[in-house]
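The values are calculated or read from the model by the stated rules, or taken from the named source; none is laboratory data. It should be emphasised that the depicted structure is a prediction, and the values quoted were computed from it without experimental measurement. Using ideal geometry, Cβ is built from the backbone for each residue, glycine included, and neighbour counts are taken over all protein chains shown. Heavy atoms of the whole protein, side chains included, go into the accessibility calculation; ligands, DNA and RNA do not. Shrake-Rupley method; radii C 1.70, N 1.55, O 1.52, S 1.80 Å.
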Amino acid sequence: MASTCRRSRKSLEGRLPTVLWADDDQLNNEPAVEALEYEGFKVLKAASGSAVLSQLERHWPDVDVLVLDIKMPPGSKLRSMDTLNGHRTGLVLAKRLRERYPKLPLLVLSFVRDPEVERWFKLQGAPWISKTASMTEVVHAISSLAHPRPVWRPPKCFIVQIGRASCRERV
């Protein structure tokens, strides 16, 4: 898409939020990257576990969200045996990344339905979205992770002005 069509989504630091899109499925990647760029995100791509590690080494701390597929090639930096020949690359990678980048928000985007894998991500507070979800749902999930909204809390006191006098009342 042309840059004139992109929506402005600058963060407080004055830069575009960055998404690291980790998926080896080229059929899904291009439309997703185009949609995210249109929505104002900078998108880095990785098609293997090793590529994810390399991208994070180069671009950390500018990566705001990691979108992670579970089943993808491990690459040279992860052992194939540990990842069950790629069937759990996302899980092995996420465990390693939690140690190195504990504050990195993760979003799992996968067809894989493995109760053990899902349980681990749930305990980490990482949302899980099926690849059958609409791009609108995916962009919304990424946006909520990249721009978390503060939790509203009621004020501890408020000011009441009556005429010229004012008083403070505790809530």
With label points built 7 Å along Cα→Cβ from the Cα atoms of Gln26 and Lys103, find their separation and express it in nm. 3.8 nm
By accessible area of protein heavy atoms, probe 1.4 Å, what ranking do Thr89, Thr136 get, highest first? Thr136, Thr89
Could you name the aspartates and glutamates in cross-link range of Lys131, using Cα to Cα under 17 Å and dropping any fewer than eight places away on the same chain? Asp23, Asp24, Asp25, Glu30, Glu34, Asp69, Asp114, Glu118
Per the 1.4 Å probe, what fraction of the accessible area of segment 15-136, in percent, lies on carbon and sulfur atoms? 53 percent
Heavy-atom accessible area with a 1.4 angstrom probe orders Lys45, Lys103, most exposed first, as Lys103, Lys45
Which length gain, in nm to one decimal place, applies between Ser144 and Glu116 when the Cα-Cα distance is subtracted from 0.36 nm times their residue separation? 7.6 nm
The extension gain from Gln124 to Arg15, computed as 0.36 nm times the residue separation minus the Cα-Cα distance, is 36.5 nm
Could you order Asp114, Asp24, Asp69 so the one with the most accessible surface comes first? Probe is 1.4 Å. Asp24, Asp114, Asp69
